Amino acid sequence: MRRTSVRSWRPGTDHQREVPSGPDPVAAGICDRHGAALFSLAVAMLHDHQRAETAVVDAICAAYRSPAVADVPADDLRRDLAYRLYQHCEGAAAVESGTPRERQLVAMALVRQGGLTYRQVADLLRVSASDVIELLDAGLRGQIRA
């Protein structure tokens, strides 16, 4: 099997990793385009880089198994991957048991890295849209102070 070098998507690394060629360039493209954002989202939910990396790989593999993944527009794929990742990471438990700051970070990550609207985040978190706006506002204010 011929192998192709693909840039690693994991933040903080600048190395090359080998992935098989063939149908895998689609998976590699998904990693290249969405991996770093999904990793940030997973870290916000899990607070563990190793578990976050595993969760991202699992979400991308699950999406890759879908026959139409190559035809999905990038923004739609990012949202789908964010939903998959949220479910995989049991994001609801992380949000419910988290501190206010942790809830803010998850909400911000779902919007920024997941590409979700505040209404989609509200549906996912099972809270009102105004609650998400408050989380986002407080989270952004916290980043400005930091």
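Annotations for the structure displayed:
- Entry remark, the stretch 103-128: residues being assigned to a loop (DSSP other than H, G, I, E, B) and within 20 Å of residue 39 (Cβ to Cβ) number 4 in total.
- A count restricted to the stretch 76-94 and to residues that are crowded, with 22+ Cβ neighbours inside 10 Å and either touching a residue at least 60 places away in the same chain (Cβ under 8 Å) or in a helix (DSSP H, G or I) (or both) stands at 5.
- Among the residues of the stretch 32-75, those that are loosely packed, with under 15 Cβ neighbours inside 10 Å, of a type in the set (A, V, I, L, M, F, W, C) and in a helix (DSSP H, G or I) comprise 61, 70, 74.
No lab work stands behind these numbers, since they all come straight from the coordinates. Note that the structure is predicted; figures quoted are calculated from it, not measured. In this analysis, Cβ positions are derived from the backbone assuming ideal geometry, glycine residues included, and neighbour counts consider all displayed protein chains.
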